[in-house]
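Asks: This is the structure I have questions about; it appears just below.
The values are calculated or read from the model by the stated rules, or taken from the named source; none is laboratory data. Predicted, not measured: the structure shown is a model, and the values here were computed from it. Every residue, glycine as well, gets a Cβ built from its backbone with ideal geometry; the counts of neighbours run over all protein chains shown. Only protein heavy atoms, including side chains, enter the accessible area calculation; ligands, DNA and RNA are left aside. Shrake-Rupley method; radii C 1.70, N 1.55, O 1.52, S 1.80 Å.
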Amino acid sequence: MTERSRVQGRAARALLGAGAALLAATAIPAQAAADELTLYTTREPALIQPLISAFSAQSNIKVNTVFVKDGLLERVKAEGARSPADVLMTVDIGNLMDLVDGGVTQPVKSAALESAIPANLRGADGQWFSLSLRARVLYADKNLPLTSFRYEDLANPKYKGKVCIRSGQHPYNTALVASLIAHDGEAKAEQWLRGVKANLARKATGGDRDVARDILGGICDVGLANSYYVGQMKSAKEGTDARKWGDAIKVVRPTFANAKSGGTHVNISGAAVAKNAPQRANAVKLLEFLVSEPAQALYAQTNYEYPVRKGVALDPIIGQTIGELKVDPLPLTEIAKYRKQASALVDKVGFDQ
Ligand SMILES: [Fe+2]
């Protein structure tokens with residue numbers, strides 16, 4: 001630091017001190033104080049803006065939202081102790097665990113977070129928290145007489161030439177393969193990947209909505225994709241492609257063959273408090289707000305996601321077409337342990353080739 005900037009810094013601190021004294025003297029309630037926090041998010045700002053606006057309106061805390069499309073971990077690491085980030089928000093358990101493993105998060109103890117979020121959907125040490133859920137569900141031709149499905153069934157030869165799915169290396173699929181490893185062991189997970197690969201109607205590529213598109217197009221009968229796309233497609237304007245795709249499918253919540261629980265694989269959107277958060281208390285307030293009932297209702301209504309908090313109403317389209325979710329009770333941290341192994345298996349069987 002140069003001499004000049006040191007002087008300027010002192011002057012600024014003096015000014016701040018004077019300001020604080022003025023605030024105290026006029027006894028402005030804490031709520032009215034100009035308060036802020038910085039949110040780094042890989043989620044599209046438009047998607048989370050309604051939540052952020054609701055938080056700011058309620059708390060008087062201004063949120064500086066920084067959209068970090070790629071390289072969130074690298075950026076926060078590079079910024080180090082001077083990082084302005086208070087909250088790190090992302091989707092996919094693997095991405096979230098990368099932040100924890102990368103050492104850019106810090107533990108948080110909060111009764112509000114712990115009571116709202118089931119234990120299998122947050123870090124045992126408060127290093128990360130799920131905020132909303134998305135189920136990896138079966139999209140099927142709406143004329144198929146299917147009412148139940150196990151993930152393992154997708155490898156059954158009776159679906160030869162009938163399966164559509166995106167890249168095996170996409171985080172949505174590696175998380176699912178990781179949970180198959182956790183449930184069935186690595187050898188069976190590999191067998192499953194080979195079976196599904198042999199059943200593919202087309203290359204494993206594209207996006208989740210393309211599964212519905214290709215069911216409508218007669219290319220395939222079944223495929224796995226995320227639940228919220230169903231809400232997006234089925235609520236799209238009449239006559240649009242998206243609406244036609246959505247109307248061509250029905251949805252089944254798959255379970256695992258060997259799990260007595262009958263739960264469905266979920267992935268998450270989630271967040272953590274940054275290790276060097278300058279506004280730690282505000283960061284915790286934002287997380288607590290995001291799992292409150294009104295915020296959880298917004299996740300359901302605006303994004304067609306499943307609330308992480310019990311007792312919050314689903315979006316009606318999700319309620320009617322997919323229904324209440326029974327979440328696989330396996331802790332997400334357990335699933336995340338196998339994500340590198342899952343990715344290696346996808347390569348080993350040449351799933352995307
Ligand atoms: Fe997605």
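Asks: Given points 7 Å out from each Cα along the Cα-Cβ axis, report the ARG194 to LYS160 separation in nanometres with one decimal.
Replies: 1.6
Asks: Right, another one. How big is D, in µm² s⁻¹, for the range 216-353 by Stokes-Einstein at 25 °C and 0.890 mPa s if Rh is the Kirkwood radius over C-alpha pairs?
Replies: Reported coefficient: 137 µm²/s.
Asks: Can you give me the pair-distance distribution of the range 144-219, C-alpha pairs, 10 Å bins, whole percents?
Replies: So the P(r) values, bin by bin, are 19, 51, 28, 2.
Asks: Moving on. What list of ³J(HN,Hα) values in whole Hz, one per residue of the range 241-257 in order, does the Karplus curve 6.51 cos²θ - 1.76 cosθ + 1.60 (θ = phi - 60°) give from phi, with Gly and Pro shown as x?
Replies: 4, 4, 5, 5, 4, x, 6, 7, 10, 10, 10, 10, 7, x, 10, 9, 4
Asks: Let me ask something additional. Pull up all non-local amide H partners of LEU131: gap of 5 or more, or a different chain, and H-to-H distance under 5 Å with H placed in the peptide plane.
Replies: SER269, GLY270, ALA271
Asks: Percent of accessible area on the chain owned by carbon and sulfur, 1.4 Å probe?
Replies: 54
Asks: For SER261 and LYS77 in the same chain, what is the full-extension length gain: residue separation times 0.36 nm, less their Cα-Cα distance, in nm?
Replies: Details: separation 184, 0.36 × 184 = 66.24 nm, distance 3.94 nm.
My answer for the length gained is 62.3 nm.
Asks: Ok, one more. Would you please give the residues with an amide H less than 5 Å from that of THR38, counting only those at least 5 places away or on a separate chain, with H modeled from the backbone geometry?
Replies: Counting only residues 5 or more places away or on other chains, the set is ASN64, ASP86, VAL87.
Asks: With loop defined by DSSP as not H, G, I, E or B, and exposure as at most 16 other Cβ atoms within 10 Å, which is the longest segment of the chain clear of exposed trypsin sites (Lys or Arg not before Pro)? Numbers along the way, then the final one.
Replies: Working: sites that count: LYS69, LYS109, LYS142, LYS160, ARG202, LYS203, LYS237, LYS260, LYS310, LYS326.
Answer - 1-68.
Asks: Return the loop-located GluC sites (Glu not before Pro) in the range 269-353 (DSSP other than H, G, I, E, B) with at most 13 other Cβ atoms within 10 Å of their own Cβ; answer none if there are none.
Replies: GLU324
Asks: For the chain, what log10 I(q)/I(0) values come out of the Debye formula at q = 0.07, 0.08 1/Å, with one point per alpha carbon and no solvent?
Replies: Values, matching the q order: -0.34, -0.44.
Asks: Oh, and also: In deg cm²/dmol and to the nearest 500, what is the mean residue ellipticity at 222 nm of the chain if only DSSP H runs of at least 4 residues count, each as -39500 (n - 2.57), divided by the residue total?
Replies: -13500 deg cm²/dmol
Asks: Let me ask something else about it. Multiplying the sequence separation of SER53 and GLU334 by 0.36 nm and subtracting their Cα-Cα distance, what value in nm do you get?
Replies: 97.7 nm
Asks: If you don't mind, there's one more thing I want to ask. Which FRET efficiency value, to the nearest 0.05, do you get for GLU114 and ASP35 by plugging their Cβ-Cβ distance into 1/(1 + (r/R0)^6) with R0 = 25 Å?
Replies: Result of the calculation: an efficiency of 0.55.
Asks: Can you flag which of LYS77/LYS109; LYS260/LYS337; LYS69/LYS162; LYS234/LYS326; LYS69/LYS285 are past 26 Å Cα-Cα?
Replies: From LYS77/LYS109; LYS260/LYS337; LYS69/LYS162; LYS234/LYS326; LYS69/LYS285, over 26 Å: LYS69/LYS162.
Asks: May I pose another question? So if I place +1 on the C-beta of Lys and Arg and -1 on the C-beta of Asp and Glu, and nothing else carries charge, what would the dipole magnitude of the chain be about its Cα centre? I want it in debye, nearest 20.
Replies: It works out to roughly 240 debye.
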